[in-house]
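So the structure is just underneath, and the comments pick up after that.
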Amino acid sequence: MPPVHTGAPVTTGASTPSSPAAPEAHAPGRPGYRRMSLALFAAGLATFALLYSTQALLPAISDGFGVTAGQASWTVSAATGALALFVLPLSALSERFGRTRMMTVSMLVAVGVGLLVPFAPNLEWLVVLRAVQGAAIAGIPASAMAYLAEEVKPKALVGAIGLFVAGNSIGGMSGRLVTGWAAQAWGWRGGLLAVGLMALACAAAFLVLLPRARFFRPASLNPRAVGRTVAGHLRDPLLLRLYGIGALFMTVFGAVYTVIGYRLVDEPFSLGQGVIGSIFLIYLVGTVSSAAAGQLVARAGRRGALYLAVTTTALGLLLSLADSLAAILVGLVLITAGFFAGHAVASAAVSRTATSGRAQASALYQSAYYLGSSAGGTLGALAYHSAGWAATVGIALLAVLGVVSITLYGSHAARAERRHGSLAAAR
């Protein structure tokens, strides 16, 4: 039975203006767009800096606690795994209590835990604190994407999400850079404290800059309704393909960047912790490729952009097999550019595909994405520990092949649907 309207728009967490007097959505050049972009850029920066704060320090953590690469990698996988588990329930809470409130609470808790992480007495406590931190961070990504989908004009959405993802890339780069050089001066604990203080500054900027939500309308916190929304998203073939693409892209990225520090600290490179941290300046390439994702989709289409992203990533993986530091660096550039472009395209497509329950749709994407990160980091570290860098690259290439397969299937399904529509119209 259709709902009975009583004069006010009925919504489930999103609303659009219903009269000329209603405020207009944010778009480039309009008041508030710059503040919104800077605030979410700061949120993305803090999120990635905190989430992967131990990644560049894994060799030092291994030495400090006397553990293997696989054991130390749990300091990354615990955070990303907890994020994957909590992102869906926290996104449901954001439908009731608001995107901005959820992002604010999540940010403050994550930063608070980040200031405790450097004082973990052993590996077990470090893993536990990292899991708590990952669970807190879970309230940021899906809420941010739902906020953008509600507050930004549709034509500007890919670009706005690209800027948020660009903040992720800057956070990943600066977090590893700061931890690397701080660890070289004061040890890995000093590195973690430095990134915690950096995230605190980002949180302050976020709180000051973020414009209030103008189109959010709270929905009732009904577990059955949330379950129906989630089930509906999981029955959508396009959303399922996008979730798979996000997970597989992040498997590649998690494997490569979890293990690369071990490879560069070993022979024949024997690089110091600070120099290894500086390698992550390559993330700047991701900033450019993610911010340019909107233009790429406009020119090549979504699937064309994805094909270009996976091709670039695969070439980078193959190049990284060479025992040459220059070749490895170029390979990392290509991997990073391909990953961030693919992630921006897929995540924006999720926000545009879901016409209701956007927070849950984004949360499912984030859950798949970070499960891919956990799987990639753990499998990549285990592969490296048992068979070296070539084995890590092999796992990453399998994930790339998965993205290609899903995208090819999507192209075939789209052609079949068009043929079916043409036949129906002809009748």
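The values are calculated or read from the model by the stated rules, or taken from the named source; none is laboratory data. Just so it is clear, the structure is predicted and the values come from calculations on it, not from any experiment. For neighbour counting, all protein chains shown are included, and Cβ atoms are generated from backbone atoms with ideal geometry for every residue, glycine included. Note: areas computed on protein heavy atoms with side chains; ligands, DNA, RNA excluded. Shrake-Rupley method; radii C 1.70, N 1.55, O 1.52, S 1.80 Å.
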Which value, in Å² and to the nearest 10, is the accessible area of Leu325 when all protein chains are kept and the probe is 1.4 Å? 60
Any chance you could give the angle, 0 to 90 degrees and rounded to 10, that helix 223-234 forms with the longest Cα principal axis of the chain? 80
When the charge dipole of region 198-338 is computed with +1 on Lys and Arg Cβ and -1 on Asp and Glu Cβ about the Cα centre, the Cα farthest towards its positive end, among Thr311, Leu207, Leu284, belongs to Leu207
Please list log₁₀ I(q)/I(0) at q = 0.07, 0.10, 0.11, 0.12 Å⁻¹ for the chain, using the Debye equation with identical point scatterers on the alpha-carbon positions. -0.32, -0.65, -0.78, -0.93
Cβ-placed point charges (K, R +1; D, E -1), dipole of the chain about Cα centre in debye, nearest 20: 1700
On a 0 to 90 degree scale, rounded to 10, what angle separates helix 293-319 from the longest Cα axis of the chain? 20
Interchain or long-range residues, amide H under 5 Å from Val152's placed H: His26
Angle in degrees between helix 157-209 and the longest Cα principal axis of the chain, rounded to the nearest 10: 20
In Å, what Kirkwood hydrodynamic radius results for region 277-330 from the alpha-carbon pair distances? 12.5
Dipole of region 273-427, Cα-centred, from +1 at each Lys and Arg C-beta and -1 at each Asp and Glu C-beta, to the nearest 20 debye? 840
Kindly rank 333-345, 104-116, 259-271 from highest to lowest mean number of other beta carbons found within 10 Å of each residue. 333-345, 104-116, 259-271
Between Leu238 and Phe97, what is the label-to-label distance in nm when each label sits 7 Å out along the Cα-to-Cβ direction? 3.3
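Let me know the charge dipole size of region 98-178 about its Cα centre in debye, to the nearest 20, where only the beta-carbon of Lys, Arg (+1) and Asp, Glu (-1) is charged.
Here region 98-178 has a charge dipole of around 180 debye.
I'd like to compare 300-312, 383-395: which one has the highest average count of other Cβ atoms within 10 Å, and what's the full order after that?
Going by the mean number of other Cβ atoms within 10 Å, highest first, we get 300-312, 383-395.
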Where a ≥ b ≥ c are the square roots of the eigenvalues of the C-alpha gyration tensor, would you call region 298-378 rounded, which needs a/c under 1.5, or, failing that, prolate if a/b is larger than b/c, or oblate? oblate
In terms of the charge dipole of region 286-427, which places +1 on Lys and Arg and -1 on Asp and Glu at the beta carbon, the residue among Val403, Ala348, Leu332 farthest towards the positive end is Ala348
Accessible surface of Leu401 in the full protein assembly, 1.4 angstrom probe, to the nearest 10 Å²? 100
